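Please treat every number below as a calculation from the coordinates, not as lab data. This structure is a prediction, so every number in the text was calculated from the model and none was measured. Backbone-built Cβ (ideal geometry, glycine too); neighbour counts: all protein chains shown.
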Amino acid sequence: MEKAAIYHRPESEYASLYTTDELRLRLRTKRNDIAQVDCLWGDPYSQVKRDGESEWGYERTPMEIIARTDVYDYWGVAVSIATHRLQYGFELTDTAKKPATIGYGDQGFFPGTPEGIKHASMFRLPYFHDIDRIKAPEWVSNTVWYQIFPERFANGDPTNDPAGTLPWASKEHPGRTDFYGGDLQGVLDHLDYLKKLGINGLYFCPIFKAYSNHKYDTIDYLEVDPDFGDKNLFREVVEAAHKRGMKVMLDAVFNHIGDQSYQWQDVLAKGQDSRFADWFHVHSFPARYEKTDDFEEAKNITYDTFANTPHMPKLNTANPEVQEYLLTVAKYWIENFDIDAWRLDVANEVDHHFWRKFAEVCHAAKPEFYILGEVWHSSQPWLQGDQFSAVMNYAYTDLIKEGVVKKNITPTHMVDSLNQQQMLYADQTTEVMFNVLDSHDTPRLLTECADDADLMRQAEAFTYLQKGSPCVYYGDEVGIDGHEDPDCRKCMIWDPKKQNQDMLKFFQQLIALRKEYAAVISKGTTDWRTVADITGLVHLVRKHRGIHLHGIFNFGEKSVAIKHVHKTDILMKQGVDEKKLAPNGFLIYVKK
């Protein structure tokens, strides 16, 4: 028995309240090292008589393996107790020819015997405080998002076009500083298109007054950029979206501000005498930098910025005045325009202290509010229930791109790593993670797939069967391609003759499937029934309340044999020929 691999941590993703009454426990062990784990649990004050002596009265519940990686097994169990007080430990039996049994509790290992249990120090959750429970907005797990880059989605009102606006889609490859006139009226005009697509969540890149076409260099957080319209029009968009059952998420940039903002302009004019001098991280005055050939790159900058972009000075969010200003912004758009979510740009570079205040303000204004952080790496510090609801799940979906699209890792490596990622967080957090295969910050998925539409559809189908809330990057559904920024920000294709209609129908069908089986996909268990590196065949089953949703995928280079599936069970398929599944093929079916 490899004791060094055995791990549990109270009040973490290993022991978290899922509902007011249900505690979900996990235990990690070395892969294939342990044959059985029993959870010993009960009220710490419960007493029973054994041999005339009072002892702790506990129950014994077998745990099941809920996930596996290349080195670990993860065991799980859910327990509920009327008193909302819990004491618990684990009893483990190994796979040796002569099995050994040990106990594991708060102070380490103890003999796996009645006498050992009697004297052991167990883990505790002293009381189930619902206020401390990680709460995820229930609606998010049923949501399929659509990311809109407003400047490139649709030009609904040419009268607000900025000077120098180019004709729509007049360049095959847009430039970094091009404008095409996309606006909020264009979004309003196409809400019925999004409704038909099946979308029930809109994610807007920034709409606030800013200098650039991407608007991540905010000038005024309390004003809609005039290139996009005004506040009345935005309110109309929100109301129209809500009438169609769509939630609305705005993008906020609180790590930095634009250099055209009045606060930064005051610092440039007055230096350290500016009342906003402490709003930023200026190391020497006057604030300055040296230009390079790239507008967004500079050197010898004397103040902190986002990346090396001199036009985005970093805000000092530890400053109480900055906090008050940004928290006012957070509350303003919720209370006055009824938005449902914030997406927070460069969220990992802002202090946790500020994000805790931010979350309190948002949830006070709207209890079921969704807070999404842009964090590209492991995100446990932000996902303890006091800051974000979820993060943009790049760490998870990048594994899918590496395994399915690029074939840089084997199916086994991909599945093991996907399981490892899911074990980083509490279940309710995983259910609302934001799953993106591309965005305004990455190459388009079709381009990553080398323009192979079948491969793109396979990657999307596999992703839509995973826990988390999926997102369509505008135009993917009609076949838009593109390399790195700014090429991934092409104008939306609205001419039906230029759209990939097969791809559009596929997305409509996939989104409908995801919404119909949202409970199974969000809350169900995952059984990786087959993961074969030689053939590339992967068969997973999502199970929930008697429904088994199967997905079979061929990630290999040759056709593979599959068992017969009754035609009436099939929900979606690609590359299926009788009992064979072609490369890039998939089959999704349901059993009840």
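For G201, nonlocal amide neighbours, meaning residues 5 or more places apart or on other chains whose placed amide H falls under 5 Å from its own, are V144, Y146, K247.
Each residue of the stretch 388-396 was assigned a 3J(HN,Hα) from its phi angle through the Karplus expression (A = 6.51, B = -1.76, C = 1.60, θ = phi - 60°), giving 9, 7, 6, 10, 5, 7, 4, 4, 7 Hz with x at Gly and Pro. Counted by Cβ distance under 12 Å from Q272, the other residues give a net charge of -1, where Lys and Arg count +1 and Asp and Glu count -1.
The stretch 320-380 and the stretch 425-466 have Cα centres spaced 25 Å apart. Of all lysines in the structure, those lying under 20 Å Cα to Cα from K135, and not within fewer than 8 positions of it along the same chain, are K247, K331, K357, K366, K467, K523.
Couplings for the stretch 60-66, taken from phi via the Karplus curve 6.51 cos²θ - 1.76 cosθ + 1.60 with θ = phi - 60°, read 10, 10, x, 9, 10, 6, 9 Hz in order; Gly and Pro are left as x.
Residues whose amide H lies under 5 Å from that of V77, counting only those 5 or more places away or on a different chain, are L25; hydrogens are built 1.01 Å from N in the peptide plane.
When only the Cβ of Lys, Arg, Asp and Glu is charged (+1, +1, -1, -1), the dipole of the stretch 353-494 relative to its Cα centre reaches about 340 debye.
Within the same chain, aspartates and glutamates fewer than 8 places from K407 are excluded, and of the rest, those with a Cα less than 16 Å from its Cα are D398, D416, E448, D451, D452, D454, E460, D533, E557. Averaging the Cα positions of each part gives two centres, and for the stretch 1-33 and the stretch 503-576 these lie 29 Å apart. Amide H contacts of A210: I219, each under 5 Å away and 5 or more positions distant or on a separate chain (H built 1.01 Å from N in the peptide plane; Pro and chain starts excluded). Taking Lys and Arg as +1 and Asp and Glu as -1, the other residues whose beta-carbon sits under 11 Å from that of L344 total -3. Converting phi to 3J(HN,Hα) with the Karplus coefficients 6.51, -1.76 and 1.60 and the offset θ = phi - 60°, the stretch 477-489 yields 6, 10, x, 6, 10, x, 8, 4, 3, x, 5, 7, 10 Hz in sequence order, with x at every glycine or proline.
Length gained on full extension, S559 to Q272: 96.5 nm, using 0.36 nm per residue less the C-alpha separation. Of the chymotrypsin sites (Phe, Trp or Tyr not before Pro) found in the stretch 91-153, those that fall in a DSSP loop while having at most 12 other beta-carbon atoms within 10 Å are Y127. Please go through the stretch 291-396 and write out the chymotrypsin sites (Phe, Trp or Tyr not before Pro) that DSSP classes as loop and that have at most 15 other C-beta atoms within 10 Å. Those satisfying the criteria are F295, W376.
A dipole drawn for the chain from +1 and -1 charges on Cβ atoms has a positive end, and of A67, P206, A15 the residue lying farthest that way is A67. Straight Cα distances below 20 angstrom link K498 to the lysines K171, K196, K490, with same-chain residues fewer than 8 positions distant left out. Above 44 Å, the calculated P(r) of the chain contains 26 percent of its Cα-Cα pairs. Fully extending the segment from E484 to E2, taken as 0.36 nm per residue of separation minus the present Cα-Cα distance, adds 168.9 nm.
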